[in-house]
Amino acid sequence: MIAALLAATIGWVNITVYHVNPYHMGSWPIEMNTANVEGDIYFDVRGMVAPMECRQDPQGHDCVNPEVESDDLVITKLILTVDETQYGQYGRCNICVNGTDHHGDDHCVSGEYICDCEKGFNKSHVDCNSDVGAENITAHYANRTCREGDPEWECWQDATAHKTGGMWYSTTREGYCGNPNATRCTWKVAEFIKVVNKTCSDNHIHSMVESHNQTCFDACGPTRNVTSDCYITCFYNTVLGPDAGVPGGQITGLPLSDLITGWDFPFNSDSCPGLPPKKNPDYPNYDF
């Protein structure tokens, strides 16, 4: 069956993507989101506000999101072969927590990934099909901007999207070519480039950002505390510029090319040891 599904390869292309997830849940992005380098920088940089956000709302999505809070997070760089003729609706793929995915499915199985292809934010779940979902971050956030009275962290999140742009992808089990019951073969893993511990990657990124505004970071104390308001403010002032925390503020800061170089460094050097790709435990019958 797999051979028949793979027979038609017109429109197949390779894309280099990254994804952040708990290592124990596997390295193949089945029912998961991935991103190109700009899109993954957006996910990571916007997440720096989590300590501020969670102090205000401890039940906010990122405050209980295992892809943000797990203690075994890794970042995987890999090459996917996808059928670009089958790009479709982007699915928001998350780990179910306490029976909800925070996007409309309140009956999911806790601890499992689930993708939701509902087009808006109406809190009604729509199953995803076999298409490779694609979302242009620039287009998605084009009209989104913080308003007067919003906290700084909301402005920083919006400004990050405008600075990085990028692409997000969703890849489902229905389209995975290694699934013997796939409804259509639309994607497969061509190559794992490297799996790295996210803490190691984060430390490199923090050191790189700090080097561009050392005086500000030194004023936050003798040791790095990425959860302090002082550190977070210095981080965003360095990356986005000092005015990005207010509505309509100019977005400046580090060139995007510097962020890309810094983000990719752990994958192109020995600064972070590589980990072996881990098979997804939820799919024991799949071909990996």
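The values are calculated or read from the model by the stated rules, or taken from the named source; none is laboratory data. Fair warning: this is a prediction, and the values are worked out from it, not measured in the lab. Heads up, the Cβs are rebuilt from the backbone with ideal geometry, glycines too, and the neighbour counts pull from every protein chain shown. All accessible areas refer to the heavy atoms of the entire protein, side chains included, with ligands and DNA or RNA removed. Shrake-Rupley method; radii C 1.70, N 1.55, O 1.52, S 1.80 Å.
Tabulated values for the structure
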| item | result |
| --- | --- |
| Percent carbon-and-sulfur accessible area, the chain, ignoring ligands, DNA and RNA, probe 1.4 Å | 50 percent |
| Probe 1.4 Å, accessible area per residue of the chain, Å² | 46 Å² |
| Residue-count net charge about residue 287 - beta-carbon cut-off 14 Å; Lys, Arg +1, Asp, Glu -1 | +3 |
| Gyration tensor (alpha-carbon) shape descriptor, the stretch 153-288, a/c threshold 1.5 | prolate |
| Projected area, mean over directions - the stretch 71-174, Cα convex hull, nm² | 8.7 nm² |
| Theoretical FRET efficiency, 1/(1+(r/R0)^6), r = Cβ-Cβ of residue 212 and residue 14, R0 35 Å, to 0.05 | 0.55 |
| Theoretical gain in end-to-end length, residue 224 to residue 138 [0.36 nm per residue, Cα-Cα removed] | 27.8 nm |
| Kirkwood Rh (inverse of mean 1/r, distinct Cα pairs), the stretch 61-116, angstrom | 13.0 Å |
| Debye intensity ratio in log₁₀ form over the Cα atoms of the stretch 221-288, taken at each q of 0.14, 0.24, 0.25, 0.27 Å⁻¹ | -0.72, -1.07, -1.09, -1.12 |
| Percent RCO, i.e. relative contact order, over the chain, from Cα pairs under 8 Å lying at least 6 residues apart | 24 percent |
| Longest DSSP-loop-exposure-free segment, GluC sites (Glu not before Pro), the chain, at most 13 other Cβ within 10 Å | 149-288 |
| Bridge type composition, the chain - antiparallel percent by DSSP, nearest 5 | 90 percent |
| Rg/Rh ratio calculated on Cα atoms of the chain (Kirkwood radius) | 0.97 |
| Mean separation of Cα contacts under 8 Å (6+ apart) over length of the stretch 215-288, as relative contact order % | 14 percent |
| Residue-averaged 222 nm ellipticity for the chain, from DSSP H runs of 4+ at -39500 (n - 2.57), nearest 500 | -7500 deg cm²/dmol |
| Cut-off 13 Å between beta-carbons: net charge of the residues surrounding residue 72, Lys and Arg +1, Asp and Glu -1 | -1 |
| Pairwise Cα inverse-distance average, inverted: Kirkwood Rh of the stretch 32-126 (Å) | 14.9 Å |
